[in-house]
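Rule-based calculations on the coordinates, nothing more; no lab input. These numbers come from a predicted model, not from an experiment. For neighbour counting, all protein chains shown are included, and Cβ atoms are generated from backbone atoms with ideal geometry for every residue, glycine included.
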Amino acid sequence: MRRTTALVVIVVGLAAVAIANPASAQTRPPVPRRPQPTDRIFISVDGMYQAGSENFTDSATFPANAETATFNSAYDVKPGPAFSIAGSGLVWRQLAIGIGVSRFSRETPTAVTASIPHPFFFNQPRSLTEDIAGFHREELAVHVQARAMVPMSNRHMQTMVYGGPSFFSVKQDVLNRVGYSETYPYDSITPAPGQTASVSKSKVGFNAGADVAYFFTRQVGVGGTAQYAGTTMALSSASGGTVDVKVGGFQAGGGLRLRF
Amino acid sequence: MNRIIPAAIAIGAFLVSLEVGLAQQPPAVFIKATSVADLRTWDGYVTARERAGELQVLSAERDPSLPDRVVERLQQYHQGVPVWGAQVVRDSTDGVAESIFGDVSLPLTISTEPRLSMSDAQRVLTGDSGFLLRQPQLTVLSLESGDPRLAYTGVQSSDTGVFRIFIDAQTGAELLRYSEIETQSAIGTGRGAIGDRKKVSVTQQGGAYVADDKMRPPKLTTYDMRGDLPRAFQVVDQGAPLFASDIASDSDNDWTDPPTVDAHAYVGLTYDYYFKRHGRRGLDDRDRPLVAMVNGTRQQDWASTPPQLLGLFVLNAFWCGACGPGNVGVMYFGNGAGPQGFIVNGVQQTIGYFSGSIDIVAHELTHGVTQSSSGLIYLNESGALNESFSDIMGASVEFFHQPVGSGLGQADYLLGEDTFRGGLNGNRSMENPALFGDPDHYSKRFTGTTDNGGVHTNSGISNHVFYLAIEGGTNRTSGLAVQGVGAANREQIEKVFYRAFVFLLPANATFSNARGTTIQAARDLYGAGSAPERAVTQAWTAVGVN
């Protein structure tokens, strides 16, 4: 939370610097005023690349063969492409209010280790190591942003810094119960389909970033953006409790810019 | 061949007409062919349907015990869709059928085009709260009424269990559901006679658990006579049937009756030993059911037991080959007399639960193995060899499952040491048979007629051979030294004795035969001049058997 607050303060500060008319200007010789933006609506459509969210692990136990079986699942959240679309409207001087949507969908291959008690003997567990493919994560985030335009002398250039709350909705495939098959004499086990589930959760996080655009014409241009948007949420664990999972992350990309 | 096929089909049709005509039963063909004439007919029939694509080879395996044989498993198909459970098993040598068994449908006519899509089937089979462990598969299911029906089948897991479910591939209606084996078997715990905690493989039945092991390949059941000696007597001596209500049971799966816990666990462990060490599948190598019986009397009731039954049902354990359900044989374990002391073989001892010693349990089960293999006649020298092989396998099972040592629950060369307790534990010694008055040399063998010619006495001679071949040492009578293979290589001598006693010995074997076959087995398994051959040869010479 402290990290979130600090970033929001930085973003708001940058915005304030960007939009303020310095008081010292009154005592100095008059300088030509920078042109005020004449366009009021800004739209960006970006292809992004999201760096990997932090991997996470889950573990659970369950009764098996009169002892306790354990399994651990290590979810590898791969980096990958994301898609983002945002629009904003100028509300006061260089300050705009905007809203954006981003979507990230990736495989989260999972490494599973398990220890399953032997049916006939105490303290002689069979071990299992297995890589499970096919698990997915889907992140959908709605970002509400305060955007500050940084005045530029070059009218083809446009720079914005922005930040605000993000509303994350995440759907993550998880392993609820490890699967294994065994045959007599049961001294070893082999992987088998386990019990999987798709868990969903929503939570508010934050976003902050900067956007630089170059307009070929008055209204159409290209731009690049770099932002951080993320939060930590407690997903249902196979153990029946919860496991903290970081969603979102650093994103960078570029695409089309429109202004009207 | 062309003449055979119509004949076979005619037989099949005849069987079908009997079935259909009388009770509207499924049009099935039951195949059971073991005689030359039957085999000729049915092999032709199976081959014809195989050529038509209705039977397809699912697997072809070699049985390790009969390496010349190939066992083919053929699955019936109807227009490429498997017919659920319809298989034929053909055992052959060099392409010549030795036996054929099967149960297949006559050629079917139903459509194999489902109205339900695979995804619809998946949705129906998943249900409201379950998930599928295996993807749906199209199959032809023969209903109880006999009608074949195109069906989807899958294995669903939910809070209520794991079930194989069949739904009609045209309408989605459920046709059949049964629990997969995982939900039937259960692992319980209990304490044995020496207070050790062990696992028992049992079956959940209603709200209780019964001592019926469904995890091992053969049916393994322990019956609890609940102290009803007359009933135990009727079962053993008069062929009275055992009922499901006789099976040992427990309400919470934490078993508290030591003889039940030990018997059930140790019979299973003995089966495991034979399987893991020798590749043998139980009594007859074909997973014949294993039946144990305990609590013929309560320990505290020993004194009121009729004297003529005391030695058999209280202070004893035995194998009864003709007893039990379907005459599969029963291992009976007496409960002993608890703290009451007895003089046994000149030694003051207490006698506890006979099922409480793993070597005693393995000893009794091995009698069943002998009965199904060499059939050593239970009289004189062959009888002593019969007893000795049970002792040898008893000790081998003990060393396989227990740590080496001289305490309770530890492996040594005493027999029954967890049951017979006193200044001297056990009732026989393989290391020094004379401790219990048994001969360690052929010259000292018992030549009387009691005990079937001293079968429990003269077993000491070959028991000592087994010990010397492993551990080495000097025979106390002959003074001859033996270089054993060493405890780390005990597996070699176990395999030598197993091969000799199960495969090579004739039913009326003598000690001399046993010498010859064990030496031959050592050569077969490890080569002429090998350490096992040398050890076995020296050991027999040391005990005076040539």
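Entry note: chain A has Rg to Rh equal to 1.19, where both radii use alpha-carbon atoms and Rh is the Kirkwood radius. Per-residue mean of foreign Cβ neighbours for A:176-184 is 2 (Cβ atoms of other chains, 10 Å radius). Take every pair of alpha-carbon atoms less than 8 Å apart whose residues are at least six positions apart; their mean separation over the length of the range B:81-125 yields a relative contact order of 28 percent. Applied to the range B:220-229, the Karplus parametrisation 6.51 cos²θ - 1.76 cosθ + 1.60 on θ = phi - 60° returns per-residue 3J(HN,Hα) values of 10, 10, 10, 9, 10, 7, 6, x, 8, 5 Hz, with x for Gly and Pro. Once you list every other residue whose beta carbon is under 11 Å from the beta carbon of B:Thr537, what net charge do they have if Lys and Arg are +1 and Asp and Glu are -1? Net charge in that neighbourhood comes out at +2. Contact order for chain B, expressed relative to its length and based on alpha carbon pairs under 8 Å spaced 6+ residues apart, stands at 7 percent. Placing +1 on each Lys and Arg Cβ and -1 on each Asp and Glu Cβ, with no other charges, gives chain B a dipole about its Cα centre of roughly 820 debye. For chain A, the relative contact order is 20 percent, taking Cα pairs closer than 8 Å that sit 6 or more residues apart in sequence and dividing their mean separation by the residue count. When the trypsin sites (Lys or Arg not before Pro) in the range B:247-320 are filtered for DSSP coil states and for at most 15 other beta-carbon atoms within 10 Å of their beta-carbon, the remaining sites are B:Arg286.
Eigen-decomposition of the gyration tensor built on the alpha-carbon atoms of chain B gives equivalent ellipsoid semi-axes of 50, 30, 21 angstrom, largest listed first. Eigenvalues of the alpha-carbon gyration tensor of the range A:140-206, scaled by 5 and square-rooted, set the equivalent ellipsoid semi-axes at 53, 14, 7 angstrom, largest first.
What the pair-distance distribution of the range A:34-152 shows, using all Cα-Cα distances binned every 10 Å from zero, is 12, 25, 19, 16, 12, 9, 5, 2, 0 percent.
Per residue of peptide A:112-121, the mean number of Cβ atoms on other chains within 10 Å of the residue Cβ is 3.
Using +1 at the Cβ of each Lys and Arg and -1 at the Cβ of each Asp and Glu in the range B:382-530, identify which of B:Gly416, B:Tyr442, B:Ser462 lies farthest towards the dipole's positive end. Of the listed residues, the answer is B:Tyr442. Remark: spin-label model distance B:Asp94-B:Thr350 equals 6.4 nm, labels positioned 7 Å along the Cα→Cβ axis. Each listed q (0.12, 0.19 Å⁻¹) maps to a log10 I(q)/I(0) for the range A:185-260, found by the Debye formula over equal Cα scatterers with no solvent: -0.62, -0.89.
Longest exposed-loop-site-free stretch of chain A, with trypsin sites (Lys or Arg not before Pro), DSSP loop and at most 13 other Cβ within 10 Å? It runs A:41-154.
So the label point goes 7 Å from the Cα of A:Ser202 along Cα→C-beta, right? Which residues of the range A:152-175 then have their backbone N under 14 Å from it? Answer for the range A:152-175: A:166-171. Here B:Arg73 and B:Leu143 are evaluated by their C-beta separation; at R0 = 22 Å the FRET efficiency comes out at 0.40. Would you mind classifying the range A:130-260 by shape? Square roots of the alpha carbon gyration tensor eigenvalues, ordered a ≥ b ≥ c; an a/c under 1.5 is rounded, otherwise it is prolate if a/b is larger than b/c and oblate if not. Taking the square roots of the gyration eigenvalues as a ≥ b ≥ c, the range A:130-260 is prolate.
Between the residues B:Leu504, B:Ala232, B:Phe131, the greatest Cα displacement towards the positive end of the dipole of chain B, with unit charges on the Cβ of Lys, Arg, Asp and Glu, is found for B:Leu504.
Orientation-averaged projection of the protein assembly as shown equals 51.2 nm² [convex hull of Cα atoms, one quarter of hull surface area]. Pairs of lysines in the protein assembly as shown whose Cα atoms sit within less than 23 Å of one another amount to 19, provided the residues are eight or more positions apart or on different chains. Selection among B:Gly80, B:Thr517, B:Ser99 by position relative to the dipole of the protein assembly as shown gives B:Gly80 as farthest towards the positive end (Cβ unit charges, Cα centre). Axis of helix B:450-471 versus longest Cα principal axis of chain B: the two differ by about 90°, to the nearest ten degrees.
Computed over neighbours whose Cβ is under 9 Å from that of A:Met160, the net charge equals 0, Lys and Arg +1, Asp and Glu -1. In loop segments of the range B:72-135 as defined by DSSP, there are no chymotrypsin sites (Phe, Trp or Tyr not before Pro) with at most 14 further C-beta atoms inside 10 Å of their C-beta.
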